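The structure appears below as structure tokens.
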Amino acid sequence: MRNRNRLTPYLFVTRVRNRNRNRLTPYLFVTPAMILLVAFGIVPILVAAVISTTNMNISAFASWSNVDFIGLDNYTKLFADPDFWQAIGNTGLFAIVGVPAIVLISLAVALLLGRSQNRFFRSLRAFYFIPAITAIVAISLIWGYLYNTQFGLLNYLLSLVGVPPVQWLSDPVLAKFSVALVAVWRGTGLNIIIFLAALQGVPREYLEAASLDGASEWKKTFSIVIPLMRFAVFFVTVTTTIAWLQFFDEPFVLTDGGPLGATTSASLFLYKEGFRLNQFGYASAGSIVLFVIIAVITLIQLRLRRAGDEY
């Protein structure tokens, strides 16, 4: 009994150490990801916020002594710039067209591929994923030839039925949808894989029970499968929305924002201001505004998702 009393303080200290170790273990695993998030996510945003309050010009930048603090002048100039609002409007149109198109097409294709068990349809899964891993330059070159007014394949097919050549990338209105079509075609592959993975998590017992009750395939899809895939649908919707609000690659390679700025997205506008016109402070102000827009839209989506769960 005397020895046990002597060991009691040591046992207590050991338990406390083990408890503290168990509490610290999760943080040790999260630390590398947090370091990367701070280094490549939060710090660049803070640096951009600081630069946005200066008149920093890359072409004339020799040292920080040449940079002057100008407060919110860049933001005042930005909100009065019609080109910026045109880029914001183009980005909004791209998102309105592209997000529903990608989500619906990806979900429909995933449902069709998920039900087919033969080897041909299984091989199509890899086929649909090819655009997601293909270089954007190669994709844009191919679509550029397809859209070519004089010898493009699309106009050739239209000429067979007597339709005159279409200005796919030269018409300000049609160019928006032509560029968006390329992005939709490119963006469906990855989302199809995500939906297929979510489809594998749907319990087969539910579908078998519905079949025994006489439910049709249409009824099972909309009453069982899609509701059980709602988390994947929400994830794809949020990530796709963010990607379209940062839309850059296709307008940059296909049209460089033309014609007449009709396909200039917000990201392409900031690129031109920062790296072509060397107005780095002005471009940083635009990047902060775009970040706020994306953050607000994402928070609204998260709030709607939470309200839907509560309902």
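The values are calculated or read from the model by the stated rules, or taken from the named source; none is laboratory data. Since this is a predicted model, take the numbers as computed values, not measurements. Note: ideal-geometry Cβ built from the backbone for every residue, glycine included; neighbour counts use all protein chains shown. SASA here: full protein model, heavy atoms, side chains in, ligands and nucleic acids out. Shrake-Rupley method; radii C 1.70, N 1.55, O 1.52, S 1.80 Å.
Some observations on this one:
- Calculated on the Cα set of region 185-273, radius of gyration then Dmax: 19.6, 63 Å.
- Note on PHE275 and SER170: with the Förster distance fixed at 30 Å, the Cβ-Cβ geometry gives a FRET efficiency of about 0.70.
- Pair LEU146, LEU112: separation of 7 Å Cα→Cβ label points (nm): 1.6
- Accessible surface area normalised per residue over the chain is 62 Å², counting heavy atoms of protein chains with a 1.4 Å rolling probe.
- Among ILE300, SER140, LEU254 the positive-end extreme of the charge dipole of the chain (Cβ point charges): ILE300
- DSSP H segments from the chain that extend 24 Å or more along their own axis, Cα-based, with Kyte-Doolittle mean of 0.0 or above: 82-115, 172-200, 280-310
- Relative contact order for region 189-311: 18 percent, from Cα pairs under 8 Å spaced at least 6 residues apart, divided by residue count.
- Coarse-grained scattering of region 143-224 at q = 0.12, 0.15 Å⁻¹, given as base-10 log I(q)/I(0) from a Debye sum over alpha-carbon atoms: -0.62, -0.69
- Dipole magnitude of the chain about its Cα centre (Cβ charges: Lys, Arg +1; Asp, Glu -1), debye to nearest 20: 2220
- Using heavy atoms of the protein chains and a probe of 1.4 Å, the accessible area assigned to ARG125 is about 60 Å².
- What the Cβ-Cβ distance of LEU302 and LEU124 gives, at R0 = 41 Å and to the nearest 0.05, is a FRET efficiency of 0.75.
- Partners for LYS77 among aspartates and glutamates (Cα-Cα distance below 18 Å; same-chain residues under 8 apart left out): ASP68, GLU273
- Distance histogram in 10 Å bins (all Cα pairs of region 66-129, percent per bin): 17, 24, 18, 16, 13, 10, 2
- Region 97-238 - Rg (one decimal) and Dmax (whole number), Cα, Å: 18.9, 58
- All aspartates and glutamates inside 20 Å of LYS220 as judged from Cα atoms, apart from same-chain residues fewer than 8 positions distant: GLU205, GLU208
- Extension gain, ILE133-ILE293: 0.36 nm per intervening residue step, less the Cα-Cα distance, totals 54.8 nm.
- Accessible carbon and sulfur surface of the chain relative to its total accessible area, %, 1.4 Å: 69
- Only DSSP H runs of four or more residues enter the estimate; each adds -39500 (n - 2.57), and after division by the residues of the chain the mean residue ellipticity at 222 nm equals -23000 deg cm²/dmol.
- Put a dot 7 Å past the Cα of PHE69, heading toward its Cβ, do the same for GLN200, and the two dots end up 5.5 nm apart.
- Under the Debye formula (equal points on every Cα, no solvent term), log10 I(q)/I(0) of the chain at q = 0.08, 0.14 Å⁻¹: -0.56, -1.20
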